[in-house]
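Trainee: Submitted below is the structure of interest, expressed as C-alpha coordinates.
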Amino acid sequence: MPTAIYTEPVTDTMAWTGADFTSKEDFAFDLSARNVAALESILAKTAHKDRDDITPEDARHPDLDDDLARLYRDLMFGKGLACVRGFPVEEHSIEELERIYWAFCTHLGYLVSNNSFGHRMVRVQEEILPGGVQPARGTKSRAELAMHNDAADILALLCVYPAAQGGESQFASGPAAHNRVLAERPDLLEVLYRGFPHHRRSEQPDDQPDVTPYDVPVFSQIDGRICINFTYSSILPAMHALGREFTPQEVEAVELLRNILIEQQVEFRLESGEAAVANNFAMCHSRSDFVSSNDPKKARCFLRAWMEVPREDRRLPIGREYFHMENKDLRLGYDVVEGRDGAIARNDYKNVNAELADMFKAAQAKPKVKNT
(Lines give C-alpha, C1' and ligand atoms only; values in the text may rest on other atoms or scores of the structure.)
Protein backbone atom coordinates (compact mmCIF):
# COMPACT_ATOMS: atom_id res chain seq x y z
CA MET A 1 0.00 0.00 0.00
CA PRO A 2 1.19 3.59 -0.53
CA THR A 3 3.17 5.31 2.19
CA ALA A 4 1.70 8.29 4.02
CA ILE A 5 1.85 11.50 1.99
CA TYR A 6 4.62 13.81 3.16
CA THR A 7 3.10 17.27 3.53
CA GLU A 8 6.14 19.38 4.49
CA PRO A 9 8.61 20.97 2.06
CA VAL A 10 11.84 19.01 1.76
CA THR A 11 14.78 21.25 2.70
CA ASP A 12 17.77 18.91 2.55
CA THR A 13 20.53 19.10 -0.07
CA MET A 14 18.85 16.46 -2.25
CA ALA A 15 16.04 18.92 -3.06
CA TRP A 16 18.02 20.92 -5.63
CA THR A 17 16.96 22.37 -8.96
CA GLY A 18 19.05 23.00 -12.06
CA ALA A 19 19.16 26.69 -11.14
CA ASP A 20 21.29 25.77 -8.12
CA PHE A 21 24.17 24.72 -10.40
CA THR A 22 26.22 26.86 -12.78
CA SER A 23 27.91 23.86 -14.43
CA LYS A 24 28.89 20.25 -13.76
CA GLU A 25 31.85 21.67 -11.81
CA ASP A 26 29.37 22.19 -8.97
CA PHE A 27 28.91 18.44 -8.54
CA ALA A 28 32.24 17.18 -9.91
CA PHE A 29 34.24 14.47 -8.14
CA ASP A 30 37.74 14.28 -9.59
CA LEU A 31 39.68 11.05 -9.35
CA SER A 32 43.21 11.87 -8.21
CA ALA A 33 46.34 10.39 -9.74
CA ARG A 34 46.58 8.17 -6.65
CA ASN A 35 42.97 7.02 -7.15
CA VAL A 36 43.65 6.08 -10.77
CA ALA A 37 46.91 4.32 -9.88
CA ALA A 38 45.02 2.34 -7.24
CA LEU A 39 42.35 1.29 -9.75
CA GLU A 40 45.04 0.24 -12.21
CA SER A 41 46.82 -1.78 -9.54
CA ILE A 42 43.52 -3.58 -8.85
CA LEU A 43 43.26 -4.27 -12.58
CA ALA A 44 46.68 -5.95 -12.52
CA LYS A 45 46.02 -7.81 -9.27
CA THR A 46 42.76 -9.32 -10.53
CA ALA A 47 43.93 -10.19 -14.06
CA HIS A 48 43.37 -13.90 -13.35
CA LYS A 49 39.69 -13.34 -12.53
CA ASP A 50 36.65 -12.83 -14.71
CA ARG A 51 35.34 -9.28 -14.48
CA ASP A 52 32.16 -10.24 -12.65
CA ASP A 53 34.17 -12.16 -10.06
CA ILE A 54 36.06 -9.08 -8.85
CA THR A 55 34.84 -8.62 -5.27
CA PRO A 56 34.65 -5.56 -3.00
CA GLU A 57 37.55 -7.06 -1.05
CA ASP A 58 39.61 -7.24 -4.25
CA ALA A 59 38.84 -3.56 -4.91
CA ARG A 60 39.87 -2.22 -1.52
CA HIS A 61 42.93 0.03 -1.58
CA PRO A 62 44.24 2.60 0.92
CA ASP A 63 44.49 5.21 -1.84
CA LEU A 64 40.86 4.66 -2.83
CA ASP A 65 38.71 3.57 0.10
CA ASP A 66 38.21 6.85 1.98
CA ASP A 67 37.65 8.94 -1.14
CA LEU A 68 35.00 6.62 -2.57
CA ALA A 69 33.34 6.31 0.85
CA ARG A 70 32.99 10.11 0.76
CA LEU A 71 31.46 9.88 -2.71
CA TYR A 72 29.00 7.23 -1.48
CA ARG A 73 27.89 9.42 1.43
CA ASP A 74 27.24 12.35 -0.89
CA LEU A 75 25.23 10.14 -3.24
CA MET A 76 23.07 8.70 -0.48
CA PHE A 77 22.78 11.64 1.92
CA GLY A 78 24.02 14.74 0.08
CA LYS A 79 23.27 16.04 -3.42
CA GLY A 80 22.74 12.54 -4.80
CA LEU A 81 24.52 13.36 -8.07
CA ALA A 82 28.18 13.43 -9.08
CA CYS A 83 30.17 13.82 -12.27
CA VAL A 84 33.16 11.57 -11.60
CA ARG A 85 36.07 12.61 -13.79
CA GLY A 86 39.42 11.11 -14.65
CA PHE A 87 38.82 7.50 -15.70
CA PRO A 88 41.82 6.43 -17.86
CA VAL A 89 39.89 5.74 -21.05
CA GLU A 90 42.68 6.34 -23.57
CA GLU A 91 45.21 4.19 -21.71
CA HIS A 92 43.18 0.99 -21.72
CA SER A 93 41.12 -1.29 -23.94
CA ILE A 94 37.39 -1.23 -23.33
CA GLU A 95 37.64 -4.66 -21.68
CA GLU A 96 40.26 -3.34 -19.24
CA LEU A 97 38.21 -0.20 -18.69
CA GLU A 98 35.18 -2.33 -17.79
CA ARG A 99 37.27 -4.06 -15.11
CA ILE A 100 38.53 -0.76 -13.72
CA TYR A 101 34.98 0.61 -13.70
CA TRP A 102 33.69 -2.57 -12.05
CA ALA A 103 36.24 -2.18 -9.24
CA PHE A 104 35.19 1.45 -8.80
CA CYS A 105 31.49 0.53 -8.70
CA THR A 106 31.95 -2.14 -6.02
CA HIS A 107 32.74 0.70 -3.61
CA LEU A 108 29.23 2.05 -4.16
CA GLY A 109 27.23 -1.16 -3.83
CA TYR A 110 26.52 -4.62 -5.17
CA LEU A 111 26.28 -4.66 -8.96
CA VAL A 112 22.90 -6.10 -9.98
CA SER A 113 21.80 -7.42 -13.34
CA ASN A 114 20.63 -4.85 -15.91
CA ASN A 115 18.41 -7.41 -17.65
CA SER A 116 17.03 -10.93 -17.39
CA PHE A 117 20.03 -12.26 -19.30
CA GLY A 118 22.29 -11.50 -16.34
CA HIS A 119 24.39 -8.62 -17.68
CA ARG A 120 25.71 -6.74 -14.64
CA MET A 121 27.41 -4.12 -16.78
CA VAL A 122 26.15 -3.12 -20.21
CA ARG A 123 27.43 -1.05 -23.08
CA VAL A 124 24.99 1.70 -24.01
CA GLN A 125 25.61 1.85 -27.73
CA GLU A 126 23.43 2.33 -30.79
CA GLU A 127 22.32 -0.72 -32.75
CA ILE A 128 20.23 -0.75 -35.91
CA LEU A 129 17.71 -3.55 -36.39
CA PRO A 130 16.94 -5.09 -39.80
CA GLY A 131 15.33 -2.59 -42.14
CA GLY A 132 16.99 0.33 -40.37
CA VAL A 133 14.52 0.18 -37.46
CA GLN A 134 15.55 1.89 -34.22
CA PRO A 135 15.26 -0.47 -31.22
CA ALA A 136 12.60 0.23 -28.61
CA ARG A 137 15.29 -0.17 -25.95
CA GLY A 138 16.87 3.12 -24.94
CA THR A 139 20.25 1.47 -24.34
CA LYS A 140 20.46 0.54 -28.03
CA SER A 141 18.74 3.54 -29.62
CA ARG A 142 19.94 7.04 -30.57
CA ALA A 143 16.53 8.55 -29.76
CA GLU A 144 15.93 10.94 -26.91
CA LEU A 145 14.77 9.43 -23.63
CA ALA A 146 12.24 11.11 -21.37
CA MET A 147 12.77 11.39 -17.63
CA HIS A 148 12.73 7.97 -15.99
CA ASN A 149 14.18 5.83 -13.22
CA ASP A 150 16.30 2.73 -13.56
CA ALA A 151 16.07 -0.40 -11.42
CA ALA A 152 18.67 0.01 -8.68
CA ASP A 153 19.69 2.30 -5.84
CA ILE A 154 22.67 3.84 -7.63
CA LEU A 155 23.04 4.42 -11.37
CA ALA A 156 26.48 4.93 -12.93
CA LEU A 157 27.06 5.86 -16.58
CA LEU A 158 30.67 6.12 -17.77
CA CYS A 159 31.33 7.89 -21.07
CA VAL A 160 33.88 5.97 -23.13
CA TYR A 161 33.21 7.96 -26.30
CA PRO A 162 30.68 10.82 -26.49
CA ALA A 163 28.34 11.43 -29.39
CA ALA A 164 29.48 13.57 -32.30
CA GLN A 165 26.34 15.65 -31.75
CA GLY A 166 23.79 15.67 -28.93
CA GLY A 167 23.50 13.00 -26.28
CA GLU A 168 23.45 15.42 -23.34
CA SER A 169 22.45 14.03 -19.94
CA GLN A 170 19.70 15.50 -17.77
CA PHE A 171 18.90 14.82 -14.11
CA ALA A 172 16.05 16.17 -11.96
CA SER A 173 15.59 15.88 -8.21
CA GLY A 174 12.57 13.93 -6.99
CA PRO A 175 12.36 15.77 -3.64
CA ALA A 176 12.43 19.13 -5.47
CA ALA A 177 9.68 17.94 -7.83
CA HIS A 178 7.66 16.79 -4.80
CA ASN A 179 8.06 20.29 -3.34
CA ARG A 180 6.64 21.85 -6.53
CA VAL A 181 3.63 19.54 -6.62
CA LEU A 182 3.03 20.19 -2.91
CA ALA A 183 3.15 23.95 -3.50
CA GLU A 184 1.13 24.08 -6.72
CA ARG A 185 -1.23 21.10 -6.74
CA PRO A 186 -1.22 19.28 -3.40
CA ASP A 187 -4.47 17.58 -4.40
CA LEU A 188 -2.51 15.58 -7.00
CA LEU A 189 -0.08 14.04 -4.51
CA GLU A 190 -2.61 11.34 -3.63
CA VAL A 191 -2.64 10.23 -7.29
CA LEU A 192 1.15 10.11 -7.44
CA TYR A 193 1.49 8.26 -4.13
CA ARG A 194 -1.04 5.69 -5.40
CA GLY A 195 0.86 5.28 -8.67
CA PHE A 196 0.33 3.28 -11.84
CA PRO A 197 0.95 -0.16 -13.32
CA HIS A 198 4.27 -0.74 -15.09
CA HIS A 199 5.01 -2.80 -18.18
CA ARG A 200 7.93 -5.15 -17.54
CA ARG A 201 9.11 -5.22 -21.16
CA SER A 202 9.46 -9.00 -21.23
CA GLU A 203 12.20 -9.00 -18.57
CA GLN A 204 10.08 -10.93 -16.07
CA PRO A 205 10.19 -14.74 -15.68
CA ASP A 206 7.87 -16.63 -18.01
CA ASP A 207 5.38 -17.38 -15.21
CA GLN A 208 4.88 -13.70 -14.33
CA PRO A 209 2.63 -11.21 -16.16
CA ASP A 210 3.90 -8.54 -18.55
CA VAL A 211 2.22 -5.85 -16.46
CA THR A 212 2.53 -5.45 -12.70
CA PRO A 213 -0.56 -6.82 -10.91
CA TYR A 214 -0.34 -3.76 -8.66
CA ASP A 215 0.19 -0.02 -9.04
CA VAL A 216 3.74 1.19 -8.38
CA PRO A 217 3.83 4.47 -6.42
CA VAL A 218 5.46 7.41 -8.19
CA PHE A 219 6.20 9.08 -4.86
CA SER A 220 6.79 7.36 -1.54
CA GLN A 221 8.69 8.35 1.57
CA ILE A 222 10.53 7.02 4.59
CA ASP A 223 10.72 9.54 7.45
CA GLY A 224 10.52 12.40 4.97
CA ARG A 225 13.09 11.00 2.55
CA ILE A 226 11.26 11.24 -0.75
CA CYS A 227 11.55 8.41 -3.28
CA ILE A 228 10.58 8.91 -6.92
CA ASN A 229 9.91 6.01 -9.30
CA PHE A 230 8.47 7.44 -12.51
CA THR A 231 8.95 5.89 -15.94
CA TYR A 232 6.20 7.07 -18.27
CA SER A 233 7.40 4.75 -21.04
CA SER A 234 6.51 1.81 -18.77
CA ILE A 235 3.28 3.31 -17.43
CA LEU A 236 1.60 4.22 -20.73
CA PRO A 237 2.03 0.76 -22.37
CA ALA A 238 0.89 -0.90 -19.14
CA MET A 239 -2.32 1.12 -19.06
CA HIS A 240 -2.90 0.29 -22.73
CA ALA A 241 -2.26 -3.43 -22.20
CA LEU A 242 -4.76 -3.48 -19.33
CA GLY A 243 -7.37 -1.53 -21.29
CA ARG A 244 -7.32 1.02 -18.48
CA GLU A 245 -7.92 4.71 -19.14
CA PHE A 246 -6.23 7.52 -17.24
CA THR A 247 -8.68 9.55 -15.19
CA PRO A 248 -8.65 13.32 -15.79
CA GLN A 249 -6.88 13.79 -12.46
CA GLU A 250 -4.27 11.16 -13.37
CA VAL A 251 -3.59 12.95 -16.66
CA GLU A 252 -3.11 16.22 -14.78
CA ALA A 253 -0.74 14.61 -12.28
CA VAL A 254 1.38 12.86 -14.90
CA GLU A 255 1.67 15.88 -17.18
CA LEU A 256 2.42 18.23 -14.29
CA LEU A 257 5.22 15.99 -13.05
CA ARG A 258 6.68 15.43 -16.52
CA ASN A 259 6.89 19.18 -17.06
CA ILE A 260 8.25 19.96 -13.59
CA LEU A 261 11.07 17.47 -14.06
CA ILE A 262 12.14 19.20 -17.28
CA GLU A 263 11.80 22.70 -15.85
CA GLN A 264 13.95 21.82 -12.83
CA GLN A 265 16.54 19.61 -14.52
CA VAL A 266 20.27 20.11 -14.70
CA GLU A 267 21.75 19.36 -18.13
CA PHE A 268 25.36 18.60 -18.97
CA ARG A 269 27.49 16.75 -21.48
CA LEU A 270 29.69 13.87 -20.41
CA GLU A 271 33.08 13.72 -22.09
CA SER A 272 35.35 10.72 -22.47
CA GLY A 273 36.47 9.48 -19.04
CA GLU A 274 33.59 11.11 -17.13
CA ALA A 275 30.80 9.24 -15.34
CA ALA A 276 27.42 10.45 -14.13
CA VAL A 277 26.69 8.70 -10.84
CA ALA A 278 23.33 9.24 -9.17
CA ASN A 279 21.01 8.17 -6.39
CA ASN A 280 18.47 6.57 -8.71
CA PHE A 281 15.39 6.73 -6.49
CA ALA A 282 16.10 10.34 -5.50
CA MET A 283 16.01 11.62 -9.07
CA CYS A 284 14.96 10.94 -12.63
CA HIS A 285 17.29 11.13 -15.60
CA SER A 286 16.97 11.53 -19.35
CA ARG A 287 19.03 11.92 -22.51
CA SER A 288 18.95 14.03 -25.66
CA ASP A 289 18.92 12.33 -29.04
CA PHE A 290 22.31 12.04 -30.65
CA VAL A 291 24.35 11.45 -33.78
CA SER A 292 27.25 9.07 -33.34
CA SER A 293 30.69 9.39 -34.89
CA ASN A 294 31.19 8.15 -38.45
CA ASP A 295 34.24 6.32 -37.13
CA PRO A 296 32.89 3.02 -35.75
CA LYS A 297 35.84 2.86 -33.35
CA LYS A 298 34.70 6.16 -31.82
CA ALA A 299 30.93 5.52 -31.86
CA ARG A 300 29.11 6.83 -28.79
CA CYS A 301 29.58 4.28 -26.04
CA PHE A 302 28.74 4.42 -22.35
CA LEU A 303 29.17 1.75 -19.68
CA ARG A 304 26.17 1.37 -17.38
CA ALA A 305 26.18 -0.23 -13.97
CA TRP A 306 23.44 -0.51 -11.36
CA MET A 307 24.24 -0.88 -7.68
CA GLU A 308 22.16 -2.04 -4.74
CA VAL A 309 23.02 -0.50 -1.36
CA PRO A 310 22.41 -1.77 2.20
CA ARG A 311 18.72 -1.62 3.07
CA GLU A 312 19.24 0.87 5.89
CA ASP A 313 20.56 3.39 3.32
CA ARG A 314 17.93 2.68 0.68
CA ARG A 315 15.45 5.38 -0.34
CA LEU A 316 12.99 2.94 -1.96
CA PRO A 317 10.63 1.49 0.68
CA ILE A 318 10.88 -2.23 1.29
CA GLY A 319 7.91 -4.01 -0.27
CA ARG A 320 7.09 -5.74 -3.52
CA GLU A 321 4.56 -3.12 -4.61
CA TYR A 322 7.17 -0.34 -4.63
CA PHE A 323 9.14 -1.98 -7.44
CA HIS A 324 8.00 -3.19 -10.84
CA MET A 325 9.79 -6.56 -10.74
CA GLU A 326 8.78 -9.40 -8.41
CA ASN A 327 12.36 -10.47 -7.79
CA LYS A 328 13.30 -13.15 -5.31
CA ASP A 329 14.30 -11.76 -1.91
CA LEU A 330 13.14 -8.28 -3.04
CA ARG A 331 16.48 -7.68 -4.78
CA LEU A 332 16.82 -4.83 -7.25
CA GLY A 333 17.83 -5.10 -10.90
CA TYR A 334 16.41 -8.08 -12.79
CA ASP A 335 16.53 -11.69 -11.72
CA VAL A 336 18.28 -13.86 -14.27
CA VAL A 337 15.93 -16.10 -16.26
CA GLU A 338 17.70 -19.32 -17.18
CA GLY A 339 17.57 -20.18 -20.87
CA ARG A 340 16.51 -16.66 -21.83
CA ASP A 341 17.38 -15.73 -25.41
CA GLY A 342 20.19 -13.19 -25.39
CA ALA A 343 18.42 -11.11 -28.02
CA ILE A 344 15.92 -10.02 -25.41
CA ALA A 345 18.69 -8.31 -23.50
CA ARG A 346 20.55 -7.10 -26.55
CA ASN A 347 18.26 -4.88 -28.49
CA ASP A 348 14.49 -5.29 -28.40
CA TYR A 349 11.46 -6.68 -26.62
CA LYS A 350 10.41 -10.26 -27.16
CA ASN A 351 6.68 -10.97 -27.23
CA VAL A 352 5.84 -7.28 -27.70
CA ASN A 353 3.75 -6.49 -30.75
CA ALA A 354 4.55 -3.64 -33.12
CA GLU A 355 1.83 -1.37 -31.72
CA LEU A 356 3.17 -1.70 -28.19
CA ALA A 357 6.78 -1.27 -29.35
CA ASP A 358 5.76 1.97 -31.06
CA MET A 359 4.07 3.05 -27.84
CA PHE A 360 7.28 2.44 -25.88
CA LYS A 361 9.14 4.66 -28.34
CA ALA A 362 6.50 7.40 -28.35
CA ALA A 363 6.39 7.50 -24.55
CA GLN A 364 10.16 7.98 -24.45
CA ALA A 365 9.80 11.36 -26.17
CA LYS A 366 10.05 14.36 -23.87
CA PRO A 367 7.03 16.63 -23.42
CA LYS A 368 7.37 20.07 -24.93
CA VAL A 369 7.35 22.47 -22.02
CA LYS A 370 5.29 25.58 -22.67
CA ASN A 371 6.92 28.94 -22.05
CA THR A 372 5.08 30.93 -19.43
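Trainee: Name the residue, out of Phe230, Phe171, Phe196, that is out of contact with any Pro (no Cβ under 8 Å at 6 or more places or on another chain), closer than 30 Å to Pro296 by Cβ, at pLDDT 95 or above and buried (at least 23 other Cβ atoms within 10 Å of the Cβ).
Mentor: Details: Phe230 fails: closer than 30 Å to Pro296 by Cβ; Phe196 fails: closer than 30 Å to Pro296 by Cβ.
The unique qualifying residue is Phe171.
Trainee: Looking at (1) at positive phi; (2) small (Gly, Ala, Ser); (3) surrounded by 21 or more Cβ atoms within 10 Å (Cβ to Cβ), can you tell me which one Gly319 breaks?
Mentor: The failed condition is (3).
Trainee: Moving on to the next point. Here is a check on your reading of the model: is Thr139 surrounded by fewer than 22 Cβ atoms within 10 Å (Cβ to Cβ), in contact (Cβ under 8 Å) with a residue 24 or more places away in the chain and within 14 Å of the chain's Cα centre (by Cα)?
Mentor: Numbers: surrounded by fewer than 22 Cβ atoms within 10 Å (Cβ to Cβ): yes; in contact (Cβ under 8 Å) with a residue 24 or more places away in the chain: yes; within 14 Å of the chain's Cα centre (by Cα): yes.
So Thr139 passes the test.
Trainee: Would you please list the contacts, defined by Cβ atoms under 7 Å and residues six or more apart or on different chains, that run from a residue in segment 238-258 that is under 17 Å from Glu355 (Cα atoms) and touching a residue at least 40 places away in the same chain (Cβ under 8 Å) to a residue that is surrounded by 15 or more Cβ atoms within 10 Å (Cβ to Cβ) and among the charged types (D, E, K, R)?
Mentor: Within 7 Å, the pairs are Ala241/Asp210.
Trainee: Any chance you could count how many residues in segment 290-306 are buried (at least 18 other Cβ atoms within 10 Å of the Cβ) and either more than 10 Å from the chain's Cα centre (by Cα) or modelled with pLDDT under 95 (or both)?
Mentor: Counting residues in segment 290-306 that are buried (at least 18 other Cβ atoms within 10 Å of the Cβ) and either more than 10 Å from the chain's Cα centre (by Cα) or modelled with pLDDT under 95 (or both) gives 6.
Trainee: Let me ask you something else. Six or more apart or on different chains, Cβ under 7 Å: which pairs go from a residue in segment 284-303 that's within 23 Å of Ile154 (Cβ to Cβ) to one that's surrounded by 15 or more Cβ atoms within 10 Å (Cβ to Cβ) and aromatic (Phe, Trp, Tyr)? Could you list them?
Mentor: Once the first residue is within 23 Å of Ile154 (Cβ to Cβ) and sits in segment 284-303, its partners that are surrounded by 15 or more Cβ atoms within 10 Å (Cβ to Cβ) and aromatic (Phe, Trp, Tyr) give Cys284/Phe230; His285/Phe171; Arg300/Tyr161; Arg300/Phe290; Cys301/Tyr161; Leu303/Tyr101.
Trainee: Continuing with the same structure: Test Arg180 against the stated conditions and say whether it is more than 20 Å from the chain's Cα centre (by Cα) and closer than 30 Å to Glu355 by Cβ.
Mentor: For Arg180, the condition - more than 20 Å from the chain's Cα centre (by Cα) and closer than 30 Å to Glu355 by Cβ - is not met.
Trainee: Kindly evaluate Leu356 against the criterion of being at pLDDT 90 or above, surrounded by 13 or more Cβ atoms within 10 Å (Cβ to Cβ) and of a type in the set (A, V, I, L, M). Spell out the reasoning first.
Mentor: Working: at pLDDT 90 or above: no; surrounded by 13 or more Cβ atoms within 10 Å (Cβ to Cβ): yes; of a type in the set (A, V, I, L, M): yes.
No: the conditions fail for Leu356.
Trainee: Another one. Answer yes if at least one residue in segment 211-218 is touching a strand residue (DSSP E or B) at 6+ places or on another chain (Cβ under 6 Å) and among the charged types (D, E, K, R), and no otherwise. Lay out the reasoning, then the answer.
Mentor: Going through segment 211-218, the residues touching a strand residue (DSSP E or B) at 6+ places or on another chain (Cβ under 6 Å) turn out to be 211, 215.
Now restrict to residues that are among the charged types (D, E, K, R): 215.
Yes; the residues of segment 211-218 include at least one that is touching a strand residue (DSSP E or B) at 6+ places or on another chain (Cβ under 6 Å) and among the charged types (D, E, K, R).
Trainee: OK, next. When you check Met1 against the structure, is it closer than 24 Å to Glu308 by Cβ, at pLDDT 95 or above and within 25 Å of the chain's Cα centre (by Cα), yes or no?
Mentor: Numbers: closer than 24 Å to Glu308 by Cβ: yes; at pLDDT 95 or above: no; within 25 Å of the chain's Cα centre (by Cα): yes.
It is false that Met1 is closer than 24 Å to Glu308 by Cβ, at pLDDT 95 or above and within 25 Å of the chain's Cα centre (by Cα).
The values are calculated or read from the model by the stated rules, or taken from the named source; none is laboratory data. Everything quoted here is computed from the prediction, not taken from an experiment. Heads up, the Cβs are rebuilt from the backbone with ideal geometry, glycines too, and the neighbour counts pull from every protein chain shown.
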